[in-house]
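Below is one structure, written out as structure tokens; the observations come after it.
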Amino acid sequence: MSASRVSRKSFLVALVLWGLATPDRTLRADDARMRIAVWGQQTDVDRAFVERVRGQTVELPVELLDVTRPVPGPNLDTQVQQADALSRIHRARGVIWRAHDQVFLFLATPAPSRLLARRVGTRGPGYSHVTPSADLEAGALVVRTALRAVLEGTTVGVPHVFAPPVPPKPPDAQPGAPTAESAFYGILLGDFRLGSDGAGNSLPRGFGAHLGIGWRRFAVGFTGMITLDRDVGISQPQPYWRQNAALFLDLDVFRRDRVRVTLEAQGGMAYFNLTRSTDTVRRPHAFVGTELRGAFEAYAASRFRMLICFGLGADVIPDAPPLTMGPNGPILWPARKFQPRAMLGTGIVF
């Protein structure tokens, strides 16, 4: 073997050994043309920032992808969640954006995702709202340094843990839906009534009361009513009054906040009382009735609520009698089987 051939082989071996011993400071081939999404560009400041980033990274094997959409704020976790979604949509390794005086770099891969946040500038109270050119240049330098470190295999940023999703807010109560309370006891006081009671020369006036127990939208109980004493008849008026005693069933057809609308059905006995010159007549007759009543909670405490009520209704007395002067005397007032009424009252619910 000639001396020249031996010296050439020795040189090649030494060159290979020098290459293996020399640290690799070149950029990794698998990171060539790393795709990074640049998010924002909604304002002149955003566009100026992007231009500076492009200028600072022109020598790096990085593909900058413009993503023109507004950056939500000021919640950082919301911004990072959208950045993660953008990286998936555009198949980018990371996303760059700026918000106020901070620059962010989100790296979606490799897992776990990481976030780098850097504040640029020294803006304080009273500072102009215009972002200085020096701050934009400083932000672009932060991006260049971070991307170069990523390309060289250096860990950048801190792991980002997404906040757990917020459970959806329960829907508002729909009209007619029952409120939180289930069972309740109620007393309707000061039930002042006006309407027709089948007789009399003036508008009848009376007072009534409800006492019941309820569950959810339903309530059952006892109700009573008595009219004030008044005269019936024209030529020879006679004192007359009426009493009701009945059971009721209520259904709340609408309930929301402090307002409720109730449909009520009644069934019981109506007692007609007539004081004549010769005797006093008391005649019971069966009746059925209905009432549509609205109520407003005027006051609410921990143990009770006070209601103001207004209602319209009617009673039907199939065998309502005519009122006569005597057993065979003249008729003081003809029979009225349908008797409308109105009420205004207040109540307490426990």
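Only the coordinates and a few stated rules stand behind these numbers; no lab work does. These figures come from a predicted structure and were not determined experimentally. Ideal geometry is used to build each Cβ from the backbone, glycine not excepted, and the neighbour counts take in all protein chains shown.
Under 5 Å between amide hydrogens, built in the peptide plane, is the criterion, and for GLU63 it picks out MET34, ARG35, ILE36 among residues at least 5 positions away or on other chains.
Among THR227, THR278, a tally of other beta-carbon atoms within 10 Å of each Cβ gives an order, fewest to most, of THR278, THR227. Taking amide H as placed 1.01 Å from N in the peptide plane, the amide H of GLY206 sits under 5 Å from that of ARG193, LEU228, each at least 5 places away or on another chain.
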